[in-house]
Amino acid sequence: MAPDEDAALLPGLRAGDEAAFRALVRRHHMRLVRLATVFTGARARAEEAVQDAWVVVVTSLGNYSGEAPLGAWIAGIVVNKARTRAARDGRVVSFADMARAEAEGPALEPERFMPDGHWAERFGAWSALTPEREAGDRQLLSRVGEALDALPPAQRAVVLLRDVECQEPAAICAALGISEANMRVLLHRARVRLRDAAAALVEPEALPKRSTFGKRA
């Protein structure tokens with residue numbers, strides 16, 4: 001979700017506007033549950049952790065400085081709540097160990113990226129707006145959502161924090177207890193998988209004939 005869209009809700013949120021809060025929850029809730037599941041290991045416990053986090057958001061909004069995007073601030077609260085719940089339930093997760101394991105394996109395919117990290121090949125433009133395209137958009141979102149849920153846990157957490165919640169790399173590394181090198185490897189691998197899932201619908205011929213990312217690292 002674009003940070004400026006969240007920022008537009010801030011006056012209402014600070015004034016206690018329930019409609020603004022409901023809009024914020026609709027925008028972020030499902031992604032935050034995906035993030036919390038990385039630590040809790042179960043959807044039900046993740047839902048509980050996110051609900052706890054929303055209570056903190058409501059009661060602590062006055063402490064939000066605005067230095068980071070609102071979504072990133074909320075995601076940090078969710079990570080803390082999910083870790084606490086996992087520890088309370090006896091499910092101790094070493095995210096650093098999990099991240100190192102996922103970062104091992106075959107190297108990234110360098111030909112797929114520019115030196116600055118952007119894709120070497122971009123999607124072609126969709127056709128003009130038609131009923132078929134609207135259906136395709138929904139199918140694309142569904143496919144990417146499925147691919148996101150299928151990512152290994154550490155990759156899912158990193159791509160959610162970086163590409164969805166717009167957290168800075170340093171903040172992600174601090175929250176997850178991983179090195180910047182591991183964070184970048186995890187992010188690239190997650191992006192490759194998500195792009196391939198989308199490309200299978202948008203431009204099937206653009207997919208590489210052989211990819212090292214068809215299976216989990």
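The values are calculated or read from the model by the stated rules, or taken from the named source; none is laboratory data. Fair warning: this is a prediction, and the values are worked out from it, not measured in the lab. Positions of Cβ are generated from backbone atoms using ideal geometry, with glycine treated the same way; all protein chains shown enter the neighbour counts. The protein model used for the area step is the full one, side chains on, heavy atoms only, and it has no ligands, DNA or RNA in it. Shrake-Rupley method; radii C 1.70, N 1.55, O 1.52, S 1.80 Å.
With label points built 7 Å along Cα→Cβ from the Cα atoms of Ala8 and Glu168, find their separation and express it in nm.
2.6 nm
Counting Lys and Arg as +1 and Asp and Glu as -1, what is the net charge of the other residues whose Cβ lies under 13 Å from the Cβ of Ala7?
Spelling it out: positives minus negatives among the neighbours equals -2.
Keeping all protein chains in position, work out how much accessible area Ser179 exposes to a 1.4 Å probe, and write it in Å² to the nearest 10.
60 Å²
Between Ala15 and Glu67, what is the label-to-label distance in nm when each label sits 7 Å out along the Cα-to-Cβ direction?
2.9 nm
Using the Karplus equation 6.51 cos²θ - 1.76 cosθ + 1.60 (θ = phi - 60°), what ³J(HN,Hα) coupling, rounded to whole Hz, does each residue of segment 171-177 give in order, writing x for Gly and Pro?
Values, residue by residue: 5, 5, 4, 5, 5, 9, x Hz.
Using a simple spin-label model with points 7 Å from Cα along the Cα→Cβ vector, what separation in nm is obtained for Leu141 and Arg100?
Using points 7 Å along Cα→Cβ, the separation is 4.0 nm.
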